[in-house]
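Notes to accompany the following structure.
Only the coordinates and a few stated rules stand behind these numbers; no lab work does. These figures come from a predicted structure and were not determined experimentally. No Cβ is skipped: glycine too gets one built from the backbone with ideal geometry, and neighbour counts run over all protein chains shown.
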Amino acid sequence: MTTNYEPTIGLEIHAELKTKTKMFCCSKNDADATQPNVHICPVCMAHPGTLPVINGEAVRFVLRVGLALGAELADYTEFDRKNYFYPDLPKGYQLSQYEYPLVSGGELNGVAITRVHLEEDTASSMHVEGLGTTIDYNRAGVPLMELVTDPVIKGSKQAGDFARELQLLLRTLGVSDANMEKGQMRVEANISISKSGERGTKVEIKNLNSFRAMERAVEYEIKRQEAVLEKGEAVVQETRGWDEGKQATFPQRVKEGSADYRYFPDPDLPSLKLSEVPEFSKESLRATMPELPWERRARYLALGIKADDAQLYVQEPELGGFFEEVIALVGTDKERALVASNYIANDLVKLVRDIEERDTGYQSKINISASHFVKIVDMVVSKKISSRTAKDLLAETAKSGRDPEEVAKSANLYQVSAGGDFEAVVADVISKNSGVVNDFKNGKAAALEYLVGQCMKALKGAGDPEALRELLKERISEK
């Protein structure tokens, strides 16, 4: 689409942290609680006379994220009161960070980060038929990480790619499950459009509960703002929601500024000098860092693995863990690693999906050991079995648990590349397909493949296709 306007997009992403307890009290942090208002206490319910205590694990989690982003970790930080009144906020203010965030700067997926700070989540409000609006305070006070990007994103795809990569990072670090369906990760997009050299009016979109919804909302809002400007009207700075049914944004309220929240340092919480806490040092944090998603991708690509397959292993923990077991067995042999990856990303994935459809109660959906899988790979590489046979052998081994070498031997699956039977099959196929033989002689390459297929059929899939091609060409040339 041709346009005279340039979009500018910034994201604000909240993620609930996987700590044992809430941000400022000892109430359980349980994202899977089914009963309302069971994980609450006088502190997170804001009873008079109670005092909050900072959750050190939550601070460490945010610092780990900052280290992964290559950001600047604060030496001094404090918590502020963000004042506003709403039923899901028991204190009448939210404990957050304003002037002194834990993390500043950094970069992820080519997008610059402004800041990452720590705050507490609000309660959950919902409408119940016959009761009206109800409040569940289980979530009130849960540690919440907020990441703000620079306004440098230029389109919906870049925004979606960034948010997905952040979700993957949070899961890799073990700091959040970041499940958007459960509200553990919430994305808000700030969008403006303008002509080159001008500054647009920012509109914030909330209620984005999936990456795809966020991408669609961004695309819609860019078009909506362009239509407003083309009519000679001004874009209103406001907060809008996303209506999934209508696939459109809608106005919610006029956008607040920081002054509206009347931030000031919380008098009940001490400021933190992070350099005085050994577990918050970069050295301590770095010692517990896992291999990061982009590091893992690079390692796989260096083995010659296809980019899509590398991404699959990074995104899917069970498949990725299985591939790690496999490459630990094949070592530095790139050919075996590549063959293994092809069978995992194509055939094993299909077997896993079949199991998921039949029985969602499986603890593990990969019903083959890495050692058995590598034996199949070795048989393919050494040309003891064909690619077609390998697919069947993989399915049989996953189903029965038997050693694949025993299965191949008992079922006569090993490829035949020479011998009397081999020669006899080639001779028989040539004699029964004289027309196809003439086609090959006249330059039709596909005719040879047909003859190979007939030989493989006669050998019940146990022939070596390459050996068959060479022998067929040799015998045909003799005629």
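Compute the FRET efficiency between Arg388 and Asn433 as 1/(1 + (r/R0)^6), taking r as their Cβ-Cβ distance and R0 = 22 Å, and round to the nearest 0.05.
0.60
Assuming R0 = 41 Å, what is the FRET efficiency of Cys26 and Glu129, from their Cβ-Cβ distance, to the nearest 0.05?
For Cys26 and Glu129, the calculated efficiency is 0.75.
For Ser369, Ser27, Ser271, what ranking results if the residue with the fewest other Cβ atoms within 10 Å of its Cβ goes first?
Lowest to highest Cβ neighbour count: Ser271, Ser369, Ser27.
Per 5 Å bin from zero, what fraction in whole % of the C-alpha pairs of the range 6-285 is there, up to the bin with the longest pair?
Spelled out bin by bin, the range 6-285 gives 1, 5, 12, 16, 18, 17, 14, 9, 5, 2, 1, 0 percent.
How do His47, His127, His372, His117 rank when sorted from fewest to most other Cβ atoms within 10 Å of their own Cβ?
With the sparsest Cβ surroundings first, the list reads His127, His47, His372, His117.
Taking the Cα centre of the range 33-102 as origin, work out the dipole magnitude from +1 charges on Lys and Arg Cβ and -1 charges on Asp and Glu Cβ, in debye rounded to 20.
That gives the range 33-102 a dipole magnitude of about 220 debye.
Name all residues of the range 1-36 having a backbone nitrogen under 18 Å from the label point set 7 Å from the Cα of Lys195 along its Cα→Cβ direction, giving them as ranges.
2-8
Once amide H atoms are placed 1.01 Å from N in the peptide plane, what residues at a sequence separation of 5 or more from Arg139, or on another chain, have their amide H within under 5 Å of its amide H?
Amide H neighbours of Arg139, under 5 Å, 5+ apart: Ser124.
Taking +1 at the Cβ of each Lys and Arg and -1 at the Cβ of each Asp and Glu, which of Cys41, Ala248, Ala112 sits farthest along the dipole of the range 6-285 towards its positive end, judged by Cα position relative to the Cα centre?
Toward the positive end, the furthest listed residue is Ala248.
How big is the range 86-228 along each principal axis, measuring the range of its Cα positions in Å and listing the largest first?
Extents along the principal axes, in whole Å: 49, 37, 28.
Which links in Lys444/Lys479; Lys157/Lys350; Lys306/Lys375; Lys20/Lys365; Lys409/Lys473 stretch past 20 Å when you go from one Cα to the other?
Check vs 20 Å cut-off fails for Lys157/Lys350; Lys306/Lys375; Lys20/Lys365; Lys409/Lys473.
With point charges of +1 on the Cβ of Lys and Arg and -1 on the Cβ of Asp and Glu, referenced to the Cα centre of the chain, which listed residue (Ala446, Ser382, Ala259) lies farthest in the positive direction of the dipole?
Ala446
Out of (i) 49; (ii) 44; (iii) 20, which label holds the value of percent of Cα pairs over 39 Å apart that was computed here?
This structure yields the entry labelled (ii).
About its Cα centre, how strong a charge dipole does the range 293-403 have in debye, to the nearest 20, once Lys and Arg get +1 and Asp and Glu get -1 at the Cβ?
340 debye
Report Rg/Rh for the range 420-477, rounded to two decimals, where Rg is the Cα radius of gyration and Rh the Kirkwood radius.
Reported Rg/Rh, Kirkwood definition of Rh: 0.92.
Collect residues whose amide H, placed 1.01 Å from N in the peptide plane, falls under 5 Å from the amide H of Lys206; neighbours closer than 5 in sequence don't count.
Arg240, Gly241, Trp242
Whole-Hz ³J(HN,Hα) for each residue in the range 423-428, computed from phi via Karplus 6.51 cos²θ - 1.76 cosθ + 1.60 with θ = phi - 60°, x for glycine and proline: what do you get?
The phi angles translate into 4, 5, 5, 4, 4, 5 Hz.
Answer with one residue from Ala424, Pro465, Val436: the one whose Cα lies farthest towards the positive end of the charge dipole of the range 420-477, charges on Cβ with Lys, Arg +1 and Asp, Glu -1.
Val436
For every helix of n ≥ 4 consecutive DSSP H residues, a contribution of -39,500 (n - 2.57) applies; sum these over the chain, divide by its total residues, and give [θ] at 222 nm rounded to the nearest 500 deg cm²/dmol.
So the calculated ellipticity at 222 nm is -12500 deg cm²/dmol.
Using modelled amide H (1.01 Å from N, peptide plane; none on Pro or chain starts), what sits under 5 Å from the amide H of Gly463, excluding residues fewer than 5 places away?
Distant-sequence amide H within range of Gly463: Val416.
For a protection proxy built on the mean count of beta-carbon atoms within 10 angstrom, sort 467-475, 325-333, 276-284, 168-176 highest first, please.
168-176, 467-475, 325-333, 276-284
Please report, in Å, the Rg and the Dmax of the range 18-100, where both are computed over Cα atoms only.
Final numbers for Rg and Dmax: 14.5, 41 Å.
What's the magnitude of the charge dipole for the chain around its Cα centre, counting Lys and Arg as +1 and Asp and Glu as -1 at the beta-carbon? Answer in Debye, nearest 20.
The dipole magnitude comes to about 1000 debye.
Given q = 0.10, 0.23 Å⁻¹, what are the Debye log10 I(q)/I(0) values for the range 293-403, with equal point scatterers placed on the Cα positions and solvent ignored?
-0.27, -1.38
List Trp242, Trp294 from most exposed to least, where exposure is judged by having the fewest other Cβ atoms within 10 Å.
Lowest to highest Cβ neighbour count: Trp294, Trp242.
Could you state the angle between the C-alpha long axis of helix 317-330 and the longest principal axis of the C-alpha atoms of the chain, as a value from 0 to 90 degrees rounded to the nearest 10?
Orientation of helix 317-330: about 50 degrees from the principal axis.
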